[in-house]
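**Q** Would you mind keeping the following structure in view while I ask a few things?
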Amino acid sequence: MTLPNHKPTQLNAWNELATHFSQIQNQEILDFFELEKDRLEKLSLHWEDFYVDLSKNSVSQKTLELLINLADEAGLSQAIKAYFSGGKINETEGRAVLHTALRSKGTEAIAVEGQNVIPEVNAVKEKMYAFAERVISGDWKGHTGKSIDTIVNIGIGGSDLGPAMVTEALEFYGNHLTPYFVSNVEGDHHQELLKKINPETTLFLIVSKTFTTQETLANANSIRKWFLSSAPESAIAQHFVAVSTNLEKIDAFGIAPENVFPMNDWVGGRFSLWSTVGLSICLAVGPENFEQLLQGAGAMDRHFRDTPVEKNIPTLLALLSVWYNNFWQAESEAIVPYTQYLRNLPAYLQQGIMESNGKGVDRNGKAVDYQTGTIIWGASGTNAQHAFFQLIHQGTKLIPTDFICFQESLHETGDHQDKLLSNFIAQTEALMCGKTEAVVRKELEEKGLSAQEIDRLTPFKVFTGNRPTTTFLIQKLTPYTLGALIAMYEHKIFVQGIIWNIYSYDQWGVELGKQLANSVLSDLQSDTLAAHDPSTIALIERCKGN
Ligand code: F6P
């Protein structure tokens with residue numbers, strides 16, 4: 001089963017949306033509340049512990065109807081079938097895209113090339129859970145007989161960002177194991193870490209889908225060398241495990257076969273935290289919590305697969321994003337989680353969203369003549385309010401923003417939670433309602449300012465409002481709700497790729513830099529110099545000290 005193919009800008013719904021946009025672009029979000037008495041009811045979604053409020057977006061109910069037609073015309077339902085059934089929808093790499101199989105209930109068969117993958121998924125998971133239990137219980141000993149108290153994930157990109165973000169997000173659910181993450185090829189990154197850890201009680205996880213990634217292999221080799229400066233070669237078996245699809249390369253690295261956790265090529269790097277790539281998560285929070293993470297994602301998968309578009313959270317989010325990106329010409333989107341636990345969610349989603357949909361060629365191999373991949377950025381609230389919110393409130397750019405908050409805090413925190421929630425709610429109100437000139441003048445008058453001062457200050461204190469936001473109010477941050485939240489964004493990525501008619505699951509755009517880095521490395525380490533442009537040659541010569 002393959003994906004449908006179309007030129008989005010030639011779809012009827014696209015053209016109707018273009019006409020519709022010209023008719024409603026000057027209408028304000030608040031006007032829609034006046035015109036549509038059932039707006040809140042129609043535009044708020046309730047799913048499990050999620051309340052998703054789309055009503056503060058620059059859309060009328062007619063806009064949503066047209067966007068839903070766009071999804072239909074683009075063949076979304078056929079695409080979803082292909083996605084979930086193991087179709088090779090990553091066509092340029094000839095692979096299926098089945099991270100959803102890793103969190104399915106495990107009862108339905110899912111076939112890749114005629115082979116049901118579920119028994120293998122379950123077997124690998126059992127191996128991972130049994131290993132995690134041994135490490136957590138202290139049963140697994142280091143080479144001097146001590147139990148493990150530290151884990152170090154060595155990986156980059158999808159082999160780092162997801163595990164690091166989730167481990168941090170679920171810190172509350174953590175056990176006695178201290179997790180660390182080494183990703184950057186910059187040697188200072190791992191050197192700083194090595195100062196903090198005890199080799200006798202540390203377990204290193206080398207995580208690389210391909211086991212060819214320069215950064216990961218360089219870090220793994222240097223850390224291995226450091227480890228062997230205080231331990232015999234035979235100790236590698238107790239302190240190094242690997243996660244990869246490339247079993248031959250792991251063997252060459254010297255890791256015992258029983259310490260290898262395989263993964264499949266139908267799991268993309270940026271969607272791999274659900275696989276053995278999530279071993280650090282499983283160790284840090286335990287198999288039960290890891291399983292809950294999978295369950296939450298699985299529940300969101302079923303919601304996405306089985307719910308009509310009108311009530312389908314990831315699909316509606318994707319359609320809104322297309323609306324802003326392609327009709328409003330928004331340049332970026334912000335994601336602001338109101339919890340410090342999710343401070344790295346925006347960075348994690350940057351890889352998921354921008355590596356997936358940052359494509360300029362469509363599924364026919366033709367350059368697109370419309371905008372694709374959205375630029376994502378953000379930080380945790382309320383910190384973000386004191387950093388970049390000025391620009392969102394009063395700047396010249398349209399920045400649709402996702403506000404995410406959990407109704408209950410994890411600790412008993414007095415009135416901190418009310419303060420957090422009040423900020424979270426007030427920001428979306430301020431962004432939509434703004435503050436009129438009349439209100440500003442009245443406030444200044446009440447402060448006793450002169451008429452002249454009021455005239456001078458008023459323009460700076462006015463908020464135009466009408467700035468779109470989507471609110472996610474989730475009951476509580478648990479492994480389950482976190483799994484569902486991440487899966488929600490994964491499916492949003494998928495739907496956008498379908499509408500834009502691009503391949504979301506390859507990442508050829510990262511290859512050229514890697515290739516040239518190898519060439520520059522050999523220039524830096526030898527007397528030769530390959531052909532480069534003048535600017536590059538000057539930089540190489542400078543770094544060589546010439
Ligand atoms: O840089 C691109 C990339 O291929 C990502 O997609 C991937 O997550 C990362 O590199 C790491 O790859 P690997 O897990 O094979 O080391």
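The values are calculated or read from the model by the stated rules, or taken from the named source; none is laboratory data. Just so it is clear, the structure is predicted and the values come from calculations on it, not from any experiment. Backbone-built Cβ (ideal geometry, glycine too); neighbour counts: all protein chains shown. Keep in mind that these areas ignore ligands, DNA and RNA; they rest on the heavy atoms of the full protein, side chains included. Shrake-Rupley method; radii C 1.70, N 1.55, O 1.52, S 1.80 Å.
**Q** Around Asp369, with a cut-off of 12 angstrom between Cβ atoms, what is the net charge of the other residues, counting Lys and Arg +1 and Asp and Glu -1?
**A** Numbers: positive: Lys7, Lys366; negative: Asp362.
Local charge sum for Asp369: +1.
**Q** Within the accessible area of the range 328-462, what % is carbon and sulfur when the probe is 1.4 Å and the other protein chains stay in place?
**A** Carbon and sulfur: 52 percent of the exposed surface of the range 328-462.
**Q** Also, I was wondering about something else. Using label points projected 7 Å from each Cα along Cα→Cβ, tell me how many nm separate Met1 and Lys442, to one decimal.
**A** If labels sit at Met1 and Lys442, their model points lie 5.7 nm apart.
**Q** May I ask you to give the percent of accessible area on the range 113-290 that is carbon plus sulfur, with a probe radius of 1.4 Å?
**A** Values: 3470 of 7020 Å².
Carbon and sulfur together cover 49 percent of it.
**Q** Which whole-number value in Å² is the accessible area per residue of the chain, probe 1.4 Å?
**A** For the chain, the solvent-accessible area averages 44 Å² per residue.
**Q** Ranked highest first by the average count of other Cβ atoms within 10 Å around their residues, in what order do 332-343, 118-129, 455-466, 492-503 fall? Provide the component values of the computation, followed by the final result.
**A** Values: 332-343: 21.4, 118-129: 15.4, 455-466: 13.8, 492-503: 25.1.
Ranked by mean Cβ neighbours within 10 Å, highest first: 492-503, 332-343, 118-129, 455-466.
**Q** Pop out the carbon and sulfur fraction of the accessible area of the range 1-82 as a percent, whole number, probe 1.4 Å. Walk me through the numbers before you get to the answer.
**A** Values: 1870 of 4020 Å².
Reported share for carbon and sulfur atoms: 47 percent.
**Q** Here is the link list: Lys105/Lys359; Lys397/Lys435; Lys141/Lys195; Lys81/Lys492; Lys56/Lys81. Which ones come out longer than 24 Å on Cα distance?
**A** From Lys105/Lys359; Lys397/Lys435; Lys141/Lys195; Lys81/Lys492; Lys56/Lys81, over 24 Å: Lys105/Lys359; Lys56/Lys81.
**Q** Between Lys397 and Tyr370, what's the calculated FRET efficiency when r is the beta-carbon distance and R0 is 22 Å? Round to 0.05.
**A** 0.65
**Q** Under a plain spin-label model, where a point goes 7 Å from the Cα along Cα-to-Cβ, how far apart in nm are Lys105 and Lys196?
**A** 4.2 nm
**Q** Another question, then. For a Förster distance of 22 Å, can you work out the FRET efficiency between the beta-carbons of Asp38 and Arg302, rounded to the nearest 0.05?
**A** Values: r = 28 Å, r/R0 = 1.25.
With R0 = 22 Å, the Cβ-Cβ based efficiency is 0.20.
**Q** Related question: Tell me, in nm to one decimal, what length is gained between Ala130 and Thr458 on full extension, where the rule is 0.36 nm per residue of separation less the Cα-Cα distance?
**A** Answer, rounded to one decimal: 111.6 nm.
**Q** Right, another one. With the crude spin-label approximation of a point 7 Å out along Cα→Cβ, what separation in nm comes out for Thr210 versus Ala18?
**A** 3.9 nm
**Q** A further question on this structure: Which of the helices in the chain, when you take each full DSSP H run, stretch at least 30 Å along the axis at their Cα atoms and have an average Kyte-Doolittle score of -1.0 or higher?
**A** What comes out of the filter, once short or polar helices are dropped, is 479-500.
**Q** For the peptides 266-276, 298-308, what is the packing order when you average, over each peptide's residues, the other Cβ atoms within 10 Å and list the highest mean first?
**A** Per-residue Cβ counts within 10 Å, averaged per peptide and sorted highest first, yield 266-276, 298-308.
**Q** Between Lys419 and His46, what length in nm is gained on full extension when 0.36 nm per residue of separation is reduced by their alpha carbon distance? Show your work: numbers first, answer last.
**A** Numbers: separation 373, 0.36 × 373 = 134.28 nm, distance 2.42 nm.
Taking 0.36 nm per residue and subtracting the Cα distance, the gain is 131.9 nm.
**Q** Here's something else I'd like to know. What order, most packed first, do the peptides 437-448, 57-68 have when packing is the mean number of other Cβ atoms within 10 Å of each residue?
**A** Answer by packing, highest mean first, reads 57-68, 437-448.
**Q** Still on this structure, I have one more. As a test of the formula, what do you get for the chain when each DSSP H run with n ≥ 4 contributes -39,500 (n - 2.57) and the sum is divided by the residue count, at 222 nm and rounded to the nearest 500 deg cm²/dmol?
**A** -13500 deg cm²/dmol
**Q** Calculated FRET efficiency, Lys62 and Asn184, Cβ-Cβ r, R0 45 Å, to nearest 0.05?
**A** In this case the efficiency is close to 0.40.
**Q** Counting other Cβ atoms within 10 Å, which GluC sites (Glu not before Pro) in the range 1-42 have at most 16 and lie in a DSSP loop?
**A** Here the sparse-neighbourhood loop sites are Glu28, Glu36.
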